[in-house]
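The values are calculated or read from the model by the stated rules, or taken from the named source; none is laboratory data. Note that the structure is a prediction, hence the values are computed from the model and not measured. Quick reminder, even Gly has a Cβ in these numbers, built from the backbone with ideal geometry, and neighbours come from all protein chains shown.
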Amino acid sequence: MNRHFILSATIAQPELNNPAWADSVLNGADRAGIDLAVLGAPGSLPFDPMVIAAWAAPMTQRIGLVPCVSTAVAHPFHSARSLSAIDFLSSGRAAWNPIAGAGHDNIVAADMVSAARSLWDGWASDALIIDKESGRYLDGSKVRLSNYEGPHFKVRGPLNAARPLQGHPLLVADASAPFDVAGTDLVILEEGQAALPGSNCLKRAGNSPDLAALVAEFEAGEIAGVHWTLTNPGDDLREIAEFSSALSRFRQARETGSTLRERLGLPLSDNLISEGAFA
Amino acid sequence: MTKQIHLWAFLQGIGHYPSGWRHADATPEAVFSMDYYKSVGQLAERGRFDSIVFGDQLQSRGANGHTPERVAIPTLDPIALLAAMGAVTEHIGLVATVSTTYFEPEAVAERFATLDRITGGRAGWNIVTTAHPASAWNFGQDEMPEKSSRYARAHEFVEAACELWDSAETDGNAVPVQYRGQHITMDATMPGPALPQGRPILVQAGQSPDGRAFAAATAEAIFCPAPTKEDGIAFRNDMHERIAAAGRDPEAVKIMPGLSFILADSEEEAIAKDEAILDLADEALCIEYLGESIGFWLGGHDPKEPIPFDDIVAGTEFPVADITRMLEKPAASGIALGEFASRHVRTPRGHTVFRGTPQQLADRMIDWIDSGACDGFTLQPAYMPGELEIFVDQVVPLLQKAGRLRLDYPGPTLRDTMGIAA
Ligand SMILES: Cc1cc2nc3c(=O)[nH]c(=O)nc-3n(C[C@H](O)[C@H](O)[C@H](O)COP(=O)(O)O)c2cc1C
């Protein structure tokens, strides 16, 4: 599959609490061709991003929903369930960006990710049978305890929510609030930071980004796409829409595939599923 | 004016009977898709319900790991679900069950503030303390705190959350809130704007003396079981006394008992329909389900023998007093375990079950209201969405014709709909 040039944007305005504003900006972002809407930013969560992501699920069509999850007060059992719900309700468009809260180091964020994955992996993707005829609802051998014990979190499982449609929602890291865990799908670089080898990096767009230079970096495999922070949504979305159409030859995937992972060409690798898939 | 009926739709995705999903008109696969929630949310709104309610558990059902096979039904996180349903409905309230035992108040306050704002003031919080001991293991604890300390934390938790909501200023200025209790320490700010409802509607569903005291002090609506009209009257009278003693106006608190129902064109047909659904659950499933709800594995017990009361009381994971209260009478009656389990499954908390015609149900509801048994009902369809459709299409018009149910929503918020001032 051809690589897809990813367009991503942070929306962290408190106005996201307002349904009319949220509707117009999120749908505007969807129409502009933005692939990922990061809801909230490190240090700025003037709303609950999980609630906004869930609300946005039926309001939008294709855009990936990336709630920032503060690991200061969230627990993996809750995070894993909310993300599973958002993934189902959005037909496979959920992602997340864990951010360490004040006073917490990035080990907590990495621990949150590992714990949530262990809970998702406690359910095989084909655990549900739902056969009215035989009365079998699920295959008990395909649901198991996680018994996860990390440096910060301990959770037994199983989750009382099914494995997300995408297996695991996309994992996005922000290099300004990093955490170190294997299998990050995308890393948003800091301003001016060089691409990280071996990672799918999103370069922060400054003022009037140089399209040709970005294309060169994309073609060289240094970056997977660009990340904006919406400051003035009306103007920013117009600029991004222009960008998107100028890049149309690298943006076929957006129209095909069903889940966000499929569309962005970021499949879940088998070795990320703890202890392997169920037989 | 004749007393209006408040209606909530308690939408356990799969329906309230463990075998309900096998009914021909049930769509169990659909409960993982937005289309389904959109259609049932709009259906309840068409029926002019006050609110949708989702319960919540913080563990997978499965009698301590013995029997997950048929009762470990996965669900969707209630807040996520209600936020999504809020986007595709306009008026109906959105009541989410959230535990005060396994969350932190600042996170819960922020969650409900966002839900209330993004839905234009339709949020409600069913405050529970979590009953299942297996929940503790999902939060790094070996044991769940005992009930009175869970309720003590719940009091402080709600107080802290309310202070935080009250601190949100319309002009967006955040005032820091410091809360110091025995169970809760919170330093937080709630950036504005103020919530459309000021605070979400506070709902409570506890039965013990501690639970009732908590409800009397905090609740604006109460979800409870009432097996008979007399039980409903006794409960409502008891709560009214407690609410008055707590210095609040009893009439301002809506009592909303659960009501399971099976409807058909005649009473005989409804009974036959009910029996047919119950027959879809074999005895072994019912025993698994009962075992799950009493925290005691019944696998080794003969269904034809009496309820093993002494073994259960000695071995249950739940508070012994609760289990004794639930099983004492049936055990004394000598009913066989299998037979008891087969009846128990449709109403594990002792909610009333109605079988009959839409007209009979409408009459029954009006009679309960006029007798002072309740202010409304938390409807628990046996299977989804078929039974809810029948209710909306056939019972709702009767209630409206009798002048007991609104024809339209009075205002944008759940407080407007329920007639509960902030
Ligand atoms: C009608 C009813 C519904 C309830 N629903 C839930 C629920 O969905 N989730 C939950 O954790 N607890 C639920 N509870 C239990 C509460 O957590 C309650 O705090 C618990 O039963 C212990 O207190 P109690 O003995 O006072 O009822 C419910 C209780 C009642 C009576």
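Couple of notes before you dig in:
- Of all the residues in segment B:44-60, those that are at the interface with chain A (Cβ under 10 Å from one of its Cβ atoms) and either polar (S, T, N, Q) or more than 16 Å from the ligand (Cβ to nearest atom) (or both) number 3.
- Residue in segment A:55-64 that is in contact with a Cys (Cβ under 7 Å, 6 or more places away or on another chain), in a loop (DSSP other than H, G, I, E, B) and at pLDDT 95 or above present: no
- Candidate set: segment B:138-166, residues that are buried (at least 19 other Cβ atoms within 10 Å of the Cβ), more than 14 Å from chain A (Cβ to nearest Cβ) and touching a strand residue (DSSP E or B) at 6+ places or on another chain (Cβ under 7 Å); chosen: the one farthest from B:Gln59 (Cα to Cα): B:Val158
- Those residues of segment A:1-49 which are among the aliphatic types (A, V, I, L, M), surrounded by 24 or more Cβ atoms within 10 Å (Cβ to Cβ) and in a strand (DSSP E or B), in sequence order: A:Ile6, A:Leu7, A:Ala9, A:Ile11, A:Leu36, A:Ala37, A:Val38, A:Leu39
- Qualifying positions in segment B:312-338 - free of Cβ contacts under 8 Å to residues at least 24 places away in the same chain and acidic (Asp, Glu): B:Glu328
- Members of segment B:176-210 found to be of a type in the set (A, V, I, L, M) and assigned to a strand (DSSP E or B), listed by number: B:Val177, B:Met186, B:Ala188, B:Ile201, B:Leu202, B:Val203
- Segment B:113-137 - residue that is surrounded by fewer than 24 Cβ atoms within 10 Å (Cβ to Cβ) and away from the ligand (no atom under 13 Å from the Cβ) and, of those, nearest to B:Asp77 (Cα to Cα): B:Trp137
- Failed item, numbered, when B:Leu58 is tested on (1) farther than 30 Å from B:Thr101 by Cβ; (2) assigned to a loop (DSSP other than H, G, I, E, B): (1)
- Taking the criterion of being buried (at least 24 other Cβ atoms within 10 Å of the Cβ) and either within 9 Å of chain B (Cβ to nearest Cβ) or part of a strand (DSSP E or B) (or both), the residues of segment A:113-145 that qualify are A:Leu119, A:Gly122, A:Trp123, A:Tyr137, A:Val143.
- Residues of segment A:149-178 satisfying the condition of being more than 10 Å from chain B (Cβ to nearest Cβ) and not in a loop (DSSP other than H, G, I, E, B): A:Leu170, A:Leu171, A:Val172, A:Ala173, A:Asp174
- A:Arg81 being under 14 Å from the mean Cα position of the chain (by Cα) and either among the aromatic types (Phe, Trp, Tyr) or not in a strand (DSSP E or B) (or both): no
- Taken together, the criteria place A:Arg249 among residues that are modelled with pLDDT under 95 and among the basic types (Lys, Arg).
- Verdict on B:Thr324 being closer than 30 Å to B:Cys286 by Cα, under 23 Å from the mean Cα position of the chain (by Cα) and modelled with pLDDT under 95: yes
- Given (1) in contact with a Phe, Trp or Tyr (Cβ under 8 Å, 6 or more places away or on another chain); (2) of a type in the set (A, V, I, L, M); (3) under 30 Å from B:Gly403 (Cβ atoms), number of the condition B:Leu327 does not satisfy: (3)
- Scanning segment B:1-43 for residues that are of a type in the set (A, V, I, L, M, F, W, C) and within 12 Å of chain A (Cβ to nearest Cβ) returns B:Ile14, B:Trp21, B:Ala24, B:Ala26, B:Ala30, B:Val31, B:Phe32, B:Met34.
- Scanning segment B:180-221 for residues that are more than 16 Å from the ligand (Cβ to nearest atom), more than 14 Å from every other protein chain (Cβ to nearest Cβ) and within 14 Å of B:His155 (Cα to Cα) returns B:Arg180, B:Gly181, B:Gln182.
- Residue in segment A:203-211 that is modelled with pLDDT of 95 or more, of a type outside the set (Ser, Thr, Tyr) and within 24 Å of A:Ser269 (Cα to Cα) present: yes
- Residue within segment B:377-394 that is within 14 Å of another protein chain (Cβ to nearest Cβ), among the aromatic types (Phe, Trp, Tyr) and either more than 16 Å from the ligand (Cβ to nearest atom) or free of Cβ contacts under 8 Å to residues at least 40 places away in the same chain (or both) present: yes
- Selection of first residues in segment B:41-58 that are within 12 Å of B:Glu389 (Cα to Cα) and of a type in the set (Gly, Ala, Ser) and of second residues that are assigned to a loop (DSSP other than H, G, I, E, B) and away from the ligand (no atom under 15 Å from the Cβ), restricted to Cβ pairs under 7 Å at least 6 apart or on distinct chains, gives the following pairs, ordered by first then second residue: B:Gly41/B:Val88; B:Gly41/B:Thr89; B:Gly41/B:Ile92; B:Ala44/B:Ile92.
- Residue within segment B:237-252 that is over 25 Å from B:Arg153 (Cβ atoms) and surrounded by 22 or more Cβ atoms within 10 Å (Cβ to Cβ) present: no
- Total residues in segment A:97-131 satisfying the condition of being of a type in the set (Lys, Arg) and free of Cβ contacts under 8 Å to residues at least 60 places away in the same chain: the figure is 0.
- Taking segment B:138-175 as the range and being of a type outside the set (A, V, I, L, M), part of a loop (DSSP other than H, G, I, E, B) and more than 11 Å from the ligand (Cβ to nearest atom) as the test, the residues that pass are B:Gly140, B:Gln141, B:Asp142, B:Glu143, B:Pro145, B:Glu169, B:Thr170, B:Asp171, B:Gly172, B:Asn173.
- Checked against (1) within 15 Å of the chain's Cα centre (by Cα); (2) modelled with pLDDT under 95, A:Val172 passes all but condition (2).
- Contact map, segment B:173-198: residues that are under 26 Å from B:His91 (Cα atoms) paired with residues that are hydroxyl-bearing (Ser, Thr, Tyr) and crowded, with 18+ Cβ neighbours inside 10 Å, Cβ distance under 7 Å, separation 6+ or inter-chain. Pairs shown: B:Met190/B:Ser167; B:Pro196/B:Thr413; B:Gln197/B:Thr413.
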